Amino acid sequence: MSLKVVFLGTSSAIPVLHRSFPAIAVLRKDEVILVDCGEGTQRQMAVAKIGFCKRMKILITHLHGDHVGGLPGLLQTMSMLKRKRMLQIYGPRGIVGFVKSFLKYLKVELGYELELNEVREGVFVREKEYEIIAKRTVHSIGGYSFLLREYPRPGRFNVERARELGIPEGPLWHMLQEGKEVTVNGRVIEPSMVLGPPRPGRIVGFSGDTIPYRSLSKFFKNVDLLVFEATYSEMDSVKARENMHSTSVDAAKIASEAKAKMLALVHLSARYNDPTIIYLEAKKYHDNVVVPADLDVIEVPYPDSGEGFRVYSLKDSLKSAET
């Protein structure tokens, strides 16, 4: 099962021609988990061919305009496209009032149920196969970092052992693979009798806007992919502290301490037309660094798969479709 991280917007607060406002879509099975929703997110979703009516959660790291400015239009577009599924929005204190206010004053009547949630530190989403955890950031406004953690998967199915135990191929095999016990000829077969040790799931972390602080590396420990803000080059570290943001080196040091397998740097200041300096600074402290452009995708492999990260741009496929 693939887990794709689509970078819809990688800029910070000032608009630039080649980078949109912050928004990242995690595509997992039939679900979209949208992290932040800057102005223009719905257009980027359309370009990336991410369906507006899919099962979806929206996670807002904090209530600065560049991270929430796209919510009014996105919610209205979903309604115009006859969305029927419930939409869940999670964010810091104030997110409920913010959404209710713009719906009221813009006179938007949604055709679907909207669930609004103000989160606290700790686990705030528990699904069958994953959980999402929040940790407070240190920024000029209250906000959160997020961690998407898949639960361990059942071990590999031992076909030979299953046949030795007389388990007929078919639904019973499937039940055992899901961790359920079955009965064959009056004998109870436990999943552990035919499954290897549990296999690890994938972990993806999102920093939100924050200055670096030590416990962040513990929060993001052993993540597969860490998406971290690098608003400033290390050369502008004084300005980074003044504005309560991180530099490329800050992000790389935390990723290194956390033993993150890959570091993706986002939220770049408009002052850097060329991200090379951001990349080179971070590369001194972490081996596997990328600075995604808008519409870049990172596919996150299972830790035990032996496969590497796959990084590519949706712009390439769009160009191919045009020719």
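Below is a table of values for the structure above.
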| read-out | value |
| --- | --- |
| Filter pass, A264 being within 17 Å of P22 (Cα to Cα) and not in a helix (DSSP H, G or I) | yes |
| Residue within the range 305-315 that is of a type in the set (A, V, I, L, M) and more than 20 Å from L17 (Cα to Cα) present | yes |
| Qualifying residue in the range 199-212 (condition: over 16 Å from the mean Cα position of the chain (by Cα), under 24 Å from I60 (Cβ atoms) and modelled with pLDDT under 95) | no |
| Odd one out for L176 among (1) crowded, with 17+ Cβ neighbours inside 10 Å; (2) in the same structural domain as H67 (by TED's automatic domain parsing); (3) in a helix (DSSP H, G or I); (4) among the hydrophobic types (A, V, I, L, M, F, W, C) | (2) |
| In the range 212-250, the residues that are among the aromatic types (F, W, Y) and either outside the structural domain of I277 (by TED's automatic domain parsing) or not in a helix (DSSP H, G or I) (or both) | Y213, F220, F228, Y232 |
| All positions within the range 152-168 that are of a type in the set (D, E, K, R) and part of a loop (DSSP other than H, G, I, E, B) | R156 |
| Tally of residues being among the aliphatic types (A, V, I, L, M), part of a helix (DSSP H, G or I) and under 16 Å from the mean Cα position of the chain (by Cα) across the range 30-67 | 1 |
| Filter result for the condition that a residue is at pLDDT below 95, in the same structural domain as T41 (by TED's automatic domain parsing) and charged (D, E, K, R), over E131, E115, E109 | E109 |
| L295 being surrounded by 21 or more Cβ atoms within 10 Å (Cβ to Cβ), in the same structural domain as A13 (by TED's automatic domain parsing) and farther than 26 Å from P212 by Cα | yes |
| Members of the range 78-101 found to be surrounded by fewer than 16 Cβ atoms within 10 Å (Cβ to Cβ) and in a helix (DSSP H, G or I), listed by number | M80, V96, G97, K100, S101 |
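The values are calculated or read from the model by the stated rules, or taken from the named source; none is laboratory data. This structure is a prediction, so every number in the text was calculated from the model and none was measured. Ideal geometry is used to build each Cβ from the backbone, glycine not excepted, and the neighbour counts take in all protein chains shown.
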